[in-house]
1. Looking at 251, 256, 222, 228 in this structure, which one is surrounded by fewer than 23 Cβ atoms within 10 Å (Cβ to Cβ), under 25 Å from residue 8 (Cβ atoms) and over 20 Å from the mean Cα position of the chain (by Cα)?
2. Quickly run through the stretch 53-73 and pick out the residues that are hydrophobic (A, V, I, L, M, F, W, C) and in contact (Cβ under 8 Å) with a residue 60 or more places away in the chain.
3. Of all residues in the stretch 325-334 being assigned to a helix (DSSP H, G or I) and touching a residue at least 24 places away in the same chain (Cβ under 8 Å), which is surrounded by the most Cβ atoms within 10 Å (Cβ to Cβ)?
4. Only one of (1) at pLDDT below 95; (2) exposed (fewer than 14 other Cβ atoms within 10 Å of the Cβ) is not met by residue 302, so which one is it?
5. Right, residue 172: in contact with a helix residue (DSSP H, G or I) (Cβ under 9 Å, 6 or more places away or on another chain), crowded, with 16+ Cβ neighbours inside 10 Å and either assigned by TED's automatic domain parsing to the domain that holds residue 6 or not in a loop (DSSP other than H, G, I, E, B) (or both) or not?
6. Filter the stretch 188-217 down to residues that are more than 18 Å from the chain's Cα centre (by Cα) and surrounded by 23 or more Cβ atoms within 10 Å (Cβ to Cβ) and give me whichever is farthest from residue 88 (Cα to Cα).
7. Can you name the residue in the stretch 96-112 that is surrounded by fewer than 20 Cβ atoms within 10 Å (Cβ to Cβ) and hydrophobic (A, V, I, L, M, F, W, C) and is also modelled with the lowest pLDDT among such residues?
8. Taking into account only those residues within the stretch 85-104 that are without any contact (Cβ under 8 Å) to a residue 40 or more places away in the chain and out of contact with any helix residue (DSSP H, G or I) (no Cβ under 8 Å at 6 or more places or on another chain), which is nearest to residue 351 (Cα to Cα)?
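The values are calculated or read from the model by the stated rules, or taken from the named source; none is laboratory data. Since the model is a prediction, treat every value here as computed from it, not as a measurement. Here Cβ is always computed from backbone atoms with ideal geometry, including for glycine, and neighbour counts include all displayed protein chains.
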Amino acid sequence: MKDVLVVGGGPIGSYVARRLAGAGYEVVVLEKKERLGEKVCCTGIISPECIGKFNIADCVVLKRVNGARIFSPSGKPIRLWREEEQACVVDRADFDIYMAKRAMENGAEYRFSSGVSSIAVHDDRVSAGIAGNGVGIEVEARAAVIASGFGSKLVAELGMGEAGDYVVGVQIEVETTNIDEIEVYTGHELATGFFGWLVPTEERRALVGLLTRRKASLYLNKMIALLKERGKVTSDGMEPVCRGITLKPPKKTYGKRVIVVGDAAGQVKPTTGGGIYFGLLSGEIAAEHLKKALEVDDLSSKRLAGYEREWKQKLGQELKICYWARRIFEGLSDKKINCVCDIITKYGIDEALLQDGELSFDWHGKAIVKLAGQKMMSRLSDIIR
């Protein structure tokens, strides 16, 4: 019997597996894909803060960027730029492989084509039923980590609830002209209540995608057509990829002998849908709590509750503020979004925020609170109403 089974071989699951295997525990990662490195619906934008904290190698970084341009529905841009590097675009396929290799080097075992169809919790162990090529096989361990991403039924089946809210992301790789900055597009014609993006990766290559609650393919086609019309995209690209993104955590992220991390736990920025950094931070917390619980052989729900307390202490307020801002933005018409953008540029609110050293690519809550505290926000409040 293993010490820990990890459901999902994405970057968060692999990180937890590496930490636990490195501490001397026997870890098996169960991954439903035949191999790692397949395309995923993720832009792979992470911050230098994330790169540094988790010692991510340069070999997976495609591009480093200093800013972005945000386009209002009317087409007017707001440019957010700093001399310091603000974000890194990683190759998500290579990143998944890289994180898995680091876990394997620490002794973690990977089993591919091993989709987990069920998890049973017993007094002294957990057992995972394997689907796919391993039909009828069970894997047993002292504890389980669910890092299976959005849409996993395991969390609900274990009585922890379902995602409180979610959105659909769709993305495609395209050929472009020489785009060197991230571009963000708003407006109901392209992404009702959310936004679309054009993210340069390599020379004349970029990712085009968007978040929406409905008609993802229709909106993506509209966005590609717009970017072609503006001379930014020169080809339709390959087959798009699509996935759900959790915006609110489930009721619980722990139970007897079980911990949930990453997208499956709703550890995702509601403003952008990005989950790599928050997932890794939570994975670090999960690994530490599991190591201590394994040491004393106490994997009770009461013992593992500390994991949820700690990750919510670190991220909970941030997620609440960002979800609140997300819901407000989602209710704005194009006319109101245009007015908000005009006021932000007219009164230099964008420049004020850029000059504030606390403005962060990852931590949006402080910027949202400060924006709400600006004198001209009384005008914005009238517009939003």
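1. Values: 251 fails: over 20 Å from the mean Cα position of the chain (by Cα); 222 fails: under 25 Å from residue 8 (Cβ atoms); 228 fails: under 25 Å from residue 8 (Cβ atoms).
Exactly one residue qualifies, and that residue is 256.
2. Initial filter on the stretch 53-73 (hydrophobic (A, V, I, L, M, F, W, C)): 54, 56-57, 59-62, 65, 68, 70-71.
Scanning the stretch 53-73 gives 54, 62, 65, 68, 70, 71.
3. Initial filter on the stretch 325-334 (assigned to a helix (DSSP H, G or I)): 325-330, 334.
Next, from what is left, pick out any that are touching a residue at least 24 places away in the same chain (Cβ under 8 Å): 325-326, 328-330, 334.
Details: 325: 19, 326: 24, 328: 11, 329: 17, 330: 12, 334: 15.
Among them, the one singled out is 326.
4. Condition (1) is where residue 302 drops out.
5. On the way: in contact with a helix residue (DSSP H, G or I) (Cβ under 9 Å, 6 or more places away or on another chain): yes; crowded, with 16+ Cβ neighbours inside 10 Å: yes; either assigned by TED's automatic domain parsing to the domain that holds residue 6 or not in a loop (DSSP other than H, G, I, E, B) (or both): yes.
Considered against the rule, which asks whether it is in contact with a helix residue (DSSP H, G or I) (Cβ under 9 Å, 6 or more places away or on another chain), crowded, with 16+ Cβ neighbours inside 10 Å and either assigned by TED's automatic domain parsing to the domain that holds residue 6 or not in a loop (DSSP other than H, G, I, E, B) (or both), residue 172 comes out as yes.
6. Among those residues, the one meeting the criterion is 191.
7. 112
8. Taking the stretch 85-104 and keeping what is without any contact (Cβ under 8 Å) to a residue 40 or more places away in the chain, we get 85, 101, 104.
After this cut, where a residue has to be out of contact with any helix residue (DSSP H, G or I) (no Cβ under 8 Å at 6 or more places or on another chain) as well, the list is 101, 104.
On the way: 101: 42, 104: 46 Å.
Result: 101.
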